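Scroll down for the structure; my scribbles are underneath it.
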Amino acid sequence: MSILADRPATVIPTGTWEIDSTHSSVEFEIRHLGLATVKGRAPVVSGTIVGGELPSIQGTVDVSSVTTFDETRDGHLSSPDFFDTARWPQVRFSSTRVEIDQSGLVAEGDLTIRDVTKPVTLRGELVGTGADPWGNERIGIDLATTIDRTDWGLSWNAPVPGGGFLLPDTVKLTASFSAIKKA
């Protein structure tokens with residue numbers, strides 16, 4: 001038996017799948033003062049997932065939709081100190097390779113924030129497939145990675161008394177997608 005015979009036929013079920021923004025999210029987590037985790041959510045996401053022999057994942061986040069549920073902090077995140085949404089309104093991901101390894105689903109690709117593009121590896125799982133009550137075929141995919149925000153020019157910080165800084169450089173990113181098969 002060859003190794004190829006043991007490999008699954010597809011990583012993502014065959015077809016083109018449109019990300020359903022109503023049932024999908026992209027979130028981030030960062031430590032504040034090294035004490036508490038602050039989470040943010042980008043509810044306005046769009047994209048396409050292609051399954052079959054050459055799987056791919058493409059996605060866009062409307063950065064002005066990011067919320068941490070604090071208007072002052074959200075305003076600061078939209079400012080030139082962070083995302084500068086007036087100049088760069090979107091964050092984009094475009095896969096260069098999608099596969100399954102011993103840990104699960106792996107999506108390698110290019111992440112663009114503030115017009116800076118860097119390679120990242122997201123890990124997660126194909127959560128499942130199924131039909132919704134309206135007859136749509138769906139798939140669910142969860143992915144996560146940790147990035148150094150300063151690699152994308154997100155370098156604002158503030159010193160704190162006693163040494164150290166308000167924010168670390170590392171940020172955890174998670175994405176949970178529900179996608180509908182296109183006809």
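The values are calculated or read from the model by the stated rules, or taken from the named source; none is laboratory data. Predicted, not measured: the structure shown is a model, and the values here were computed from it. Side chains are part of the model used for accessible areas, which takes the heavy atoms of the whole protein and leaves out ligands, DNA and RNA. Shrake-Rupley method; radii C 1.70, N 1.55, O 1.52, S 1.80 Å.
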In the Gaussian network model of the chain, springs joining C-alpha atoms below 10 Å, which of 71, 108, 27 carries the largest mean-square fluctuation?
71
With volume of the Cα convex hull per residue in Å³ defined as stated, name the option among (i) 104; (ii) 129; (iii) 141 computed from the structure displayed.
(iii)
The chain - percent of accessible surface contributed by carbon and sulfur, probe 1.4 Å
54
Among all the aspartates and glutamates, which ones have a C-alpha under 17 Å from residue 172's C-alpha, if same-chain residues fewer than 8 places away are not counted?
27, 29, 108, 110, 125, 142, 148, 151
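Give me the accessible area per residue for segment 43-120, probe 1.4 Å, as a whole number in Å².
On the way: 4080 Å² over 78 residues.
Heavy-atom accessible area per residue stands at 52 Å².
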